[in-house]
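**Q** Quick one: the structure is below, and I'll ask about it shortly.
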Amino acid sequence: MTGVQLVNVHALGGKAMLEAAVQAIQRRRADGAERPRLLAVTVLTSMDQKAMKEVGITGAPKLRVVKLAQLAKRVGVDGVVASVQEARAIRKACGRDFPDCDTGVRPKDSTVEPKSEDQSRKATPD
C-alpha cells in the first residue's frame with residue numbers, strides 16, 4: 001500500500017467486515033508504514049428512498065446514513081462518505097471530530113444534463 005492515503009469500504013458490509021478492515025489498516029502501523037485513513041461509504045448519493053426500498057433497505061436515507069456512520073465510528077473507522085445532505089446529522093450523531101466526506105455537490109451552473117443526472121441526494125455550494 002505504498003503511497004495509499006485513503007481506503008474505503010462499504011458500511012453495508014456490516015460490523016464484522018468493518019472491524020476486519022480496521023484491523024487490516026492498523027497492521028500497517030505495526031509494520032512501521034504510514035497508515036492510510038479508512039472511510040466507510042454509507043448510502044450512495046445516487047439512491048433515494050425508492051431506490052433503497054427496491055434493494056430491501058427501508059427507512060429514510062438520512063436515518064440509514066446516520067446509523068451506518070454510528071456503526072463505523074463505533075468500530076474504529078476514521079470517517080464516512082455520505083451525501084452533503086446528511087453532513088449535519090452525521091456531525092450531530094457522531095461528533096465534529098468524526099469526519100465525513102460529502103459527495104453529491106454540484107455547482108448551480110453544472111453542465112450535467114438533467115436527464116443524465118445520476119445523483120438523487122445532492123446540493124449546490126453556498
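The values are calculated or read from the model by the stated rules, or taken from the named source; none is laboratory data. Values in this document were obtained by computation on a predicted structure and should not be read as measured data. A quick note on method: Cβ atoms are made from the backbone with ideal geometry, for glycine too, and the neighbour counts reach across all protein chains shown. Accessible surface is based on the protein model in full, side chains and every heavy atom, while ligands, DNA and RNA are left aside. Shrake-Rupley method; radii C 1.70, N 1.55, O 1.52, S 1.80 Å.
Let's see how each residue does on (1) open to solvent by 40 Å² or more (accessible area, probe 1.4 Å); (2) under 24 Å from residue 93 (Cα atoms); (3) touching a Gly at 6+ places or on another chain (Cβ under 7 Å); (4) at pLDDT 95 or above:
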{"residue": "8", "(1), (2), (3), (4)": "yes, yes, no, no"}
{"residue": "15", "(1), (2), (3), (4)": "yes, yes, no, yes"}
{"residue": "28", "(1), (2), (3), (4)": "yes, no, no, no"}
{"residue": "35", "(1), (2), (3), (4)": "yes, no, no, no"}
{"residue": "43", "(1), (2), (3), (4)": "no, yes, no, no"}
{"residue": "59", "(1), (2), (3), (4)": "no, yes, no, no"}
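**Q** Which residue pairs have Cβ atoms closer than 8 Å, lie 6 or more positions apart in sequence or on different chains, and pair a first residue in region 10-33 that is farther than 15 Å from residue 80 by Cβ with a second residue that is in a helix (DSSP H, G or I)?
**A** 19/75
**Q** May I pose another question? Answer with yes or no whether residue 77 is part of a loop (DSSP other than H, G, I, E, B), open to solvent by less than 50 Å² (accessible area, probe 1.4 Å), among the hydrophobic types (A, V, I, L, M, F, W, C) and within 17 Å of residue 98 (Cβ to Cβ).
**A** Considered against the rule, which asks whether it is part of a loop (DSSP other than H, G, I, E, B), open to solvent by less than 50 Å² (accessible area, probe 1.4 Å), among the hydrophobic types (A, V, I, L, M, F, W, C) and within 17 Å of residue 98 (Cβ to Cβ), residue 77 comes out as yes.
**Q** Something else: Assess whether residue 66 counts as being in contact with a helix residue (DSSP H, G or I) (Cβ under 6 Å, 6 or more places away or on another chain), at pLDDT 95 or above and among the aliphatic types (A, V, I, L, M).
**A** Judged against the criteria, residue 66 is a match.
**Q** Being basic (Lys, Arg) and farther than 14 Å from residue 88 by Cα is the filter here, so list the residues in region 65-76 that pass it.
**A** Once the filter is applied, which keeps residues that are basic (Lys, Arg) and farther than 14 Å from residue 88 by Cα, region 65-76 yields 73, 74.
**Q** Additional query: Condition check: among the hydrophobic types (A, V, I, L, M, F, W, C) and either modelled with pLDDT under 95 or open to solvent by 50 Å² or more (accessible area, probe 1.4 Å) (or both). Does residue 82 satisfy that?
**A** yes
**Q** Now, a different point. Given the conditions (1) of a type in the set (A, V, I, L, M, F, W, C); (2) modelled with pLDDT of 90 or more; (3) within 27 Å of residue 26 (Cβ to Cβ); (4) not in a loop (DSSP other than H, G, I, E, B), report the number of the one that residue 98 does not fulfil.
**A** (4)
**Q** Among the residues of region 45-57, count how many are open to solvent by 20 Å² or more (accessible area, probe 1.4 Å) and either under 21 Å from residue 84 (Cβ atoms) or not in a helix (DSSP H, G or I) (or both).
**A** 9
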